[in-house]
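*Asks:* Take a look at the following structure, please.
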Amino acid sequence: MSIQINNLMKVDSLSPEILKPWLHHSSSLTDKLRTQSGDAELQVLKQSWSQPSWWDKFTLGLALVPVVHRDILMFSHKTACWFARTIIPEYTYRANRLFFDRLSQESLGVIVFNEPSIERTILLNYAINPHCLEYQWLPKSLGELDETLWLRLSVFTIEKTSTFYLVEIFLPGLMKVIN
């Protein structure tokens, strides 16, 4: 499945130098955070079935299939570092149920990067601001954010047949923790 890049509402901005290693990191961001800061704690905000959102439909092409949305915040030393949304189409979930059932107890990064049948096929990054739809996914508990944030969009395949997606939005706290 291809991503409709033209449907992304991106902001013209150059990524800060400090974020570049994070935007292009090919392994687990959780492990990178733990190594760099000494702490990484995941909070699952929600994990539920729903109809595809507008973004899912027009960006990922998931028109009619139900999806699992799993939203998390990753913290280091009680500072929110990123928000992530995993989007799993129903057919992918059903074909790999045992794999995805592990999400209730483990982080996606732990599962993905220790499973040889999973491959990241696309890694994009772009800037967003409060006018972008992805910005609206951020939990209200983060307070009023009104700045440009950076996002990573990954497409993963399982055994080259089933696809799922991961969106990671880097929060201002990440730069505080890694600086």
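*Asks:* Would you check which residues across the stretch 58-67 are at pLDDT 95 or above and surrounded by fewer than 16 Cβ atoms within 10 Å (Cβ to Cβ) and list them?
*Replies:* P66
*Asks:* Quick one: in the stretch 141-154, of everything that is crowded, with 19+ Cβ neighbours inside 10 Å and touching a residue at least 60 places away in the same chain (Cβ under 8 Å), which residue is nearest to F100 (Cα to Cα)?
*Replies:* Only one residue tops the list, namely L153.
*Asks:* Sticking with this one: Which members of the stretch 87-102 meet the condition of being closer than 30 Å to S37 by Cα and either touching an Asp or Glu at 6+ places or on another chain (Cβ under 8 Å) or surrounded by fewer than 19 Cβ atoms within 10 Å (Cβ to Cβ) (or both)?
*Replies:* I87, F99, D101, R102
*Asks:* Now for a different question. Of all residues being surrounded by fewer than 12 Cβ atoms within 10 Å (Cβ to Cβ) and free of Cβ contacts under 8 Å to residues at least 24 places away in the same chain in the stretch 112-140, which is farthest from Q43 (Cα to Cα)? Just the residue, please.
*Replies:* By that ranking, first place goes to P116.
*Asks:* Here's another thing I want to ask about it. Test I72 against the stated conditions and say whether it is assigned to a strand (DSSP E or B), over 16 Å from E41 (Cα atoms) and touching a helix residue (DSSP H, G or I) at 6+ places or on another chain (Cβ under 9 Å).
*Replies:* Spelling it out, it is not the case that I72 is assigned to a strand (DSSP E or B), over 16 Å from E41 (Cα atoms) and touching a helix residue (DSSP H, G or I) at 6+ places or on another chain (Cβ under 9 Å).
*Asks:* Conditions first: (1) in contact with a Ser or Thr (Cβ under 7 Å, 6 or more places away or on another chain); (2) assigned to a helix (DSSP H, G or I). A127 passes all but one, so which condition is the exception?
*Replies:* Exception for A127: condition (2).
*Asks:* If Y135 satisfies all but one of (1) in a helix (DSSP H, G or I); (2) of a type outside the set (A, V, I, L, M, F, W, C); (3) under 18 Å from W22 (Cα atoms), what's the number of the condition it fails?
*Replies:* Y135 satisfies every listed condition except (3).
The values are calculated or read from the model by the stated rules, or taken from the named source; none is laboratory data. Please read all numbers here as calculations on a predicted model, not as lab measurements. Every residue, glycine as well, gets a Cβ built from its backbone with ideal geometry; the counts of neighbours run over all protein chains shown.
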